[in-house]
Amino acid sequence: MRPLELLLSAVNLLGLAIVTLPRLRTRRLPGLAVMPAALLLATAQVLVEGPRWQTAPAYALTAVLFLTWLKRLVRPSAKHVNRLGAGLGALAALATVLLATVMPVFRFPEPTGPYAVGTTTYHWADPGRPELFTDSPDDHRELMAQVWYPAEPQPSAPRAPYIQDADVVTPAMARLAGFPELVFSQLGDVTSHAVASARVAADHPRYPVLISLTGLGGFRAASTFQIQELVSHGYVVVGLDQPGAAAMTRFPDGREIPGWPRDEIYPLIRQSWTPRPNAPTLQGEALPDGIIPYFAQDVSLALDHLTKLNEAAPDGILTGRLDLERAGVFGISWGGATAAEACANDPRLKACLIMDVQMTAHVVKAGLRQPTLFMTRDAATFRLERERSGGWPEEEISGTIDTMTDVHRRLPGAGYYVEIPGLFHVDFTDVPAWSPMTPQLGLNGTIDARRAHDIINAYSLAFFDKHLVGRSPSLLEGPSSRFPEARLLYTSPEVSPTGQETPVPPGARLRSQSNSW
């Protein structure tokens, strides 16, 4: 609960006791202080923290108690609150506490790096490519891109919202998940650590760039825990809302493209995994390789627009500050498959981080040439997640593990395979922070969610530091005493006498580094 919500609930309970208990009813002074204080506190909470439906019972109780107090002030002989009224009041107070606790306005942990975080948003279009997720054949592909970047600190500046356009994004997420639209509404009150349009940090002339891709039915900031950590250590991160995959994409002119339900888009994804002769079509366009290559083109579109942005940003913020010679991509779930497809097709991407997803048939066949980090869990953890919350049939478990390990083993250069037993799928996203009830719903694995995020962040940062910045983090060299939960399996390229790295044959020098492999 937010501080004023908690204080309002406590004052309401005190007020309820005053109008209910005989010993307190005879004393006007407590009521004189508490009842107006509760009303003022409710007003302050609405103005400062903002109203939300979870606290509606508290507002109602405050009003009823204030009116009861006024009535007794005018007519001291008026009847006191009966047991039924007292019981209903107590239930209202309890309902507020429970709802506000189960659906909290949470705070993200402070990023650990030396940089503050700035953010800005852009609208990008590809006039040469049709939009497949609208009804009009004349529409062309468009994206919303949010950029987070290392910034000069502004401690007193207001923080940017966690979810831009939360008024349409959170109801869309709820609908796609089969929940009432209000279930995720509190996320609209959550703020990030970013400051909108802050000045770029002056420590370096340019910063390496990472593109972030999330899963189906999500939104571009769904891995803010990871994004902010990377930015705080000197990376520019670009999150994409990809129409059709994002829960809702809203453009600056107010147009909206809702995400497709899983049962409608999943056949198009399966075609990317296991192509069948009768290819599905969308807007009259055949998709023999499924839909993931179409989404992977969004990554190339983003790189094109980032190049233009680096030359002349419309807001001037990022002009000349992007080091696109050091560009990488990371993604979770469907976003991870899209990231891998993009790496297979676009050599401008120099490092690829793929999390917990089956590779496309094209990536399995063609392989990847960039340094790549695969992050997932063991088959037993997949099955435990299936037991607790459903999903993950055996074919998807084997497809995920087999294709990730296959592509990893055939990397011609540096590659890393990190297996973290005990992590569930949503542990790779912000979802565990959304509610303390996620473990009870079977959504979290056996590793504490904060600990899981620390592990993911540490390996993500170490990987990009090594292959985009040129550092030598020890975390990628063997077992880690910091993170004994993680199992690291890695290949390393041969090093010539001159010190230059040379490719190794597929599958050569495969080594296991684990505390419990």
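The values are calculated or read from the model by the stated rules, or taken from the named source; none is laboratory data. Every value quoted in this text rests on a predicted model; they were computed, and no experiment measured them. Virtual Cβ from ideal backbone geometry, glycine too; neighbours counted across all protein chains shown. Side chains are part of the model used for accessible areas, which takes the heavy atoms of the whole protein and leaves out ligands, DNA and RNA. Shrake-Rupley method; radii C 1.70, N 1.55, O 1.52, S 1.80 Å.
May I ask you to list the residues in the stretch 432-470 that are within 22 Å of Thr101 (Cα to Cα), in contact (Cβ under 8 Å) with a residue 40 or more places away in the chain and open to solvent by less than 50 Å² (accessible area, probe 1.4 Å)? Those that are within 22 Å of Thr101 (Cα to Cα), in contact (Cβ under 8 Å) with a residue 40 or more places away in the chain and open to solvent by less than 50 Å² (accessible area, probe 1.4 Å): Ala433, Trp434, Ser435, Gly442, Gly445, His453. Residues that are assigned to a helix (DSSP H, G or I) and surrounded by fewer than 17 Cβ atoms within 10 Å (Cβ to Cβ) within the stretch 40-59 comprise Leu40, Thr43, Ala44, Val46, Leu47, Val48, Trp53, Ala56, listed in sequence order.
Taking the criterion of being open to solvent by less than 40 Å² (accessible area, probe 1.4 Å) and in contact with a His (Cβ under 8 Å, 6 or more places away or on another chain), the residues of the stretch 127-149 that qualify are Arg129, Glu131, Glu142, Leu143, Met144, Ala145. Please indicate, with yes or no, whether at least one residue in the stretch 156-165 is within 19 Å of the chain's Cα centre (by Cα) and among the charged types (D, E, K, R). Looking for residues that are within 19 Å of the chain's Cα centre (by Cα) and among the charged types (D, E, K, R), one finds at least one in the stretch 156-165, hence yes. For the stretch 329-367, which positions are charged (D, E, K, R) and without any contact (Cβ under 8 Å) to a residue 40 or more places away in the chain? Lys365, the sole residue that qualifies. On the stretch given as the stretch 138-181, residues that are hydrophobic (A, V, I, L, M, F, W, C) and outside any strand (DSSP E or B) total 12.
When the criteria are applied in full, Phe225 meets the requirement of being open to solvent by 10 Å² or more (accessible area, probe 1.4 Å) and either at pLDDT 95 or above or among the charged types (D, E, K, R) (or both). Within the stretch 377-385, can one find any residue that is buried (at least 24 other Cβ atoms within 10 Å of the Cβ) and touching a Leu at 6+ places or on another chain (Cβ under 9 Å)? Yes, that holds for at least one residue. Cβ separations smaller than 7 Å between residues 6+ apart or across chains give the following pairs from the stretch 35-61 residues that are under 13 Å from Thr96 (Cβ atoms) to residues that are of a type outside the set (A, V, I, L, M) and open to solvent by 30 Å² or more (accessible area, probe 1.4 Å): Ala38/Phe66; Ala42/Tyr59; Arg52/Ser185; Arg52/Asp189; Trp53/Ser185. Here Ser480 qualifies as at pLDDT below 95, touching a strand residue (DSSP E or B) at 6+ places or on another chain (Cβ under 8 Å), more than 30 Å from Thr191 (Cβ to Cβ) and not charged (D, E, K, R). Taking residues in the stretch 95-111 that are over 15 Å from Leu4 (Cβ atoms), and partners anywhere that are among the charged types (D, E, K, R), the pairs with Cβ atoms closer than 7 Å and at least 6 places apart or on different chains are Pro111/Glu229. Taking every residue in the stretch 160-181 that is among the aromatic types (Phe, Trp, Tyr) and pairing it with any residue that is open to solvent by 60 Å² or more (accessible area, probe 1.4 Å) and not in a loop (DSSP other than H, G, I, E, B), at least 6 positions away or on another chain, the pairs with Cβ-Cβ distances below 7 Å are Tyr162/Thr191. Restricting the stretch 471-491 to residues that are within 14 Å of Pro421 (Cβ to Cβ) and not small (Gly, Ala, Ser) leaves a set whose member that is surrounded by the fewest Cβ atoms within 10 Å (Cβ to Cβ) is Pro484. On the stretch given as the stretch 278-293, residues that are surrounded by fewer than 24 Cβ atoms within 10 Å (Cβ to Cβ) and on the phi < 0 side of the Ramachandran plot total 11. Comparison of Ala116, Ala95 shows that the only residue that is farther than 20 Å from Ser300 by Cβ, open to solvent by 20 Å² or more (accessible area, probe 1.4 Å), under 21 Å from the mean Cα position of the chain (by Cα) and hydrophobic (A, V, I, L, M, F, W, C) is Ala116.
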